[in-house]
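None of the figures in this text is laboratory data; all of them are computed from the coordinates on show. Here the structure is a predicted model, which means the values were calculated and not measured. Neighbour counts run over all protein chains shown; Cβ positions are idealised from the backbone, glycine included.
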Amino acid sequence: MKITHLNANKVLFNNIYLCNTFIKKLRGLMFFKSWPQKYDCFLFYSCNMIHSFFVKFPFDAVFLNKDKKILYLKSYKINELGPYVKNGYYILETPLGTIDKLGIKINDNLSF
């Protein structure tokens, strides 16, 4: 699986950890000492709110609707509760700085 930025016509992520079960969603990035280098991002399905409790490092999050349109962007600090994102369905968790590095913006469209 890969995630493509449709507006820029480029592949953003190739190594994706799918958080598509209850246990995978529950764990997410919790208890890792640092970003797991073998993954570009964590992809959560059917999710519109996250937190960074028990996550030992900051990270970026991209919230998308069911059509994979970006609704909200946030850089999470350690032990932070994020907002509820109305109409959110997918969330990408990425290493801190990825949003700026890749030029991801609200209303952009992704494909996966």
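Miscellaneous remarks
- Residue that is nearest to K56 (Cα to Cα), among those in the range 1-37 that are of a type in the set (D, E, K, R) and in contact (Cβ under 8 Å) with a residue 12 or more places away in the chain: K33
- Scanning the range 34-54 for residues that are in a strand (DSSP E or B) and more than 23 Å from M1 (Cα to Cα) yields a single hit, H51.
- For first residues located in the range 85-112 and closer than 14 Å to C19 by Cβ, partners that are of a type in the set (D, E) and surrounded by fewer than 20 Cβ atoms within 10 Å (Cβ to Cβ) and lie 6+ apart or on another chain with Cβ distances below 9 Å form the pairs Y89/D67.
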